[in-house]
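Inspection log for the structure reproduced underneath, given as structure tokens.
The values are calculated or read from the model by the stated rules, or taken from the named source; none is laboratory data. Note that the structure is a prediction, hence the values are computed from the model and not measured. Don't worry about glycine lacking a Cβ; one is built from the backbone with ideal geometry, like all the others, and counts go over all protein chains shown. Areas reflect the complete protein model, heavy atoms only, side chains present, ligands, DNA and RNA absent. Shrake-Rupley method; radii C 1.70, N 1.55, O 1.52, S 1.80 Å.
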Amino acid sequence: MDISYTWVYDDNEAKDLYLTKKPDWIFFGNEFAFLDEIHKNSKTVQMGHGVGPKPSYYRKSDSPMTVRFMEGKLRLKKIEEMYPNDKFVQVGFSKLDPIFDETEQGLDLANLGLDPNKKTILYAPTFNPTSLGCFPKNWPSEFSEYNILIKVHSLTLSRNRYKIDQERIQAWKQYSNVYVAGVDEFSLVPFLKTADILVSEASSTLFEFAALDKPVVICDFYDLKWSYKGIFKYRFEKRFGKDSAIYKDLGAHATNYKKLNTVIKDEIENPENFKNSRLKYNIDHVGPTDGNASIRIANYLESK
């Protein structure tokens with residue numbers, strides 16, 4: 001499907017484009033500074049790109065848009081308490097619709113050079129704080145009984161300052177049981193569909209994968225960026241200390257890399273370990289999993 005698009009330099013250029021085109025609805029994934037002006041001609045929608053625990057998820061609504069589409073019941077309740085005068089509608093998490101409505105087929109493991117008969121690990125570290133630097137260059141050899149899909153944050157792959165991380169990833173890529181997603185593979189959805197277990201840390205991916213009723217392993221060890229180290233460690237405690245408590249019961253935890261193999265093995269052999277927790281988190285954070293979140297969004301917009 002061909003999609004027509006226009007690149008703009010910054011928010012000012014975006015504002016000028018909106019004021020010229022005067023669309024009925026404009027979708028945003030973040031806050032926008034010129035709402036008062038564009039609301040004279042258009043209505044606005046806010047949708048987050050993830051369902052993680054970070055405070056920025058809620059602060060995006062500091063500047064109210066016409067409507068914000070929400071995911072789970074707990075999230076809806078919390079944000080309505082924070083912004084009682086704004087409009088929020090619970091629809092679910094549209095990102096996962098292709099999995100739930102079965103239009104997403106996932107990855108072809110054999111075509112990627114992997115073994116379809118093996119269980120598949122998805123390692124999807126977030127950008128900051130990340131566990132990436134805690135994994136040795138030979139770690140795929142210690143997990144040779146599994147396929148390993150590696151999907152790192154695009155900033156890690158694209159910025160020169162992360163050369164060490166990029167070299168580490170290239171070393172992993174050489175192993176026959178590993179597939180590393182390229183910087184142009186934007187969607188995580190095929191990887192979520194294909195994997196049997198997820199390994200991550202402070203990422204909304206944990207919630208997304210658990211919504212599929214598949215086990216997650218949460219890394220409690222990090223290779224912190226300089227902005228979270230030394231005299232700036234308080235930033236990590238202030239931000240992540242609170243966030244991490246939100247998903248402490250979502251899945252199994254690995255306190256360090258050496259324990260990871262044992263934890264993964266136990267979760268794969270006993271996928272029902274956190275089943276009840278996953279169901280509870282799903283209701284609270286992800287919402288309906290019937291594959292119709294996008295339809296509910298479209299129906300709302302058409303009705304207005």
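Given C-alpha coordinates of region 249-304, what is the ratio Rg to Rh with the Kirkwood estimate of Rh? Walk me through the intermediate numbers first.
Details: Rg = 17.5 Å, Rh = 14.1 Å.
With Rh from the inverse mean 1/r over Cα pairs, Rg/Rh is 1.25.
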Crossing angle, helix 73-82 versus the chain [Cα axis fit, 0-90 degrees, rounded to tens]:
50 degrees
Mind listing the Cα extents of region 5-157 along all three principal axes, in Å, largest one first?
58, 36, 34
Taking a ≥ b ≥ c as the square roots of the eigenvalues of the Cα gyration tensor of region 100-195, is the shape rounded (a/c under 1.5), prolate (a/b larger than b/c) or oblate?
oblate
Can you list, bin by bin at 10 Å, the percent of alpha carbon pairs in the chain, starting at 0?
5, 24, 33, 25, 11, 2
Using only protein heavy atoms and a 1.4 Å probe, report how much of C219 is accessible, in Å² to the nearest 10.
0 Å²
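Quick check: with the 1.4 Å probe, what order do K21, K259 take by accessible area, largest first? Let's see the in-between values first.
On the way: K21 140, K259 105 Å².
Per-residue accessible area, sorted high to low, gives K21, K259.
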By a straight-distance test (C-alpha under 20 Å), which lysines pair with K15 as possible cross-link partners, with residues fewer than eight away in the same chain excluded?
K40, K43, K60
Could you give the angle, 0 to 90 degrees to the nearest 10, between helix 293-303's Cα long axis and the longest principal axis of the Cα atoms of the chain?
0 degrees
In degrees, nearest 10, range 0 to 90: what is the angle between the Cα axis of helix 163-173 and the longest Cα principal axis of the chain?
60 degrees
Calculated FRET efficiency for the pair N138/N256, C-beta based, R₀ 22 Å, to 0.05
0.85
Gaussian network model of the chain, springs between alpha carbon atoms under 10 Å - residue of E13, E185, E167 with greatest fluctuation:
E13
Where Cα atoms sit under 23 Å apart: lysine pairs in region 113-211 separated by 8 or more or lying on different chains
16
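For the chain, what is the accessible area per residue in Å², given a 1.4 Å probe and the full set of protein chains?
Computed with neighbouring chains in place, this is 52 Å² per residue.
From the P(r) of region 156-198, could you give the percentage of C-alpha pairs in the tail past 13 Å? Spell out each step's value before the answer.
On the way: 580 of 903 pairs.
Pairs farther apart than 13 Å: 64 percent.
Out of the total accessible area of the chain (probe 1.4 Å, heavy atoms of protein only), what percent is carbon and sulfur?
On the way: 8040 of 15950 Å².
Carbon with sulfur: 50 percent of the solvent-accessible area.
Take the Cβ-Cβ distance between K265 and H49 as r, set R0 to 35 Å, and report the resulting FRET efficiency rounded to the nearest 0.05. Please list the in-between numbers first.
Details: r = 32 Å, r/R0 = 0.92.
Efficiency, from the Cβ-Cβ distance: 0.65.
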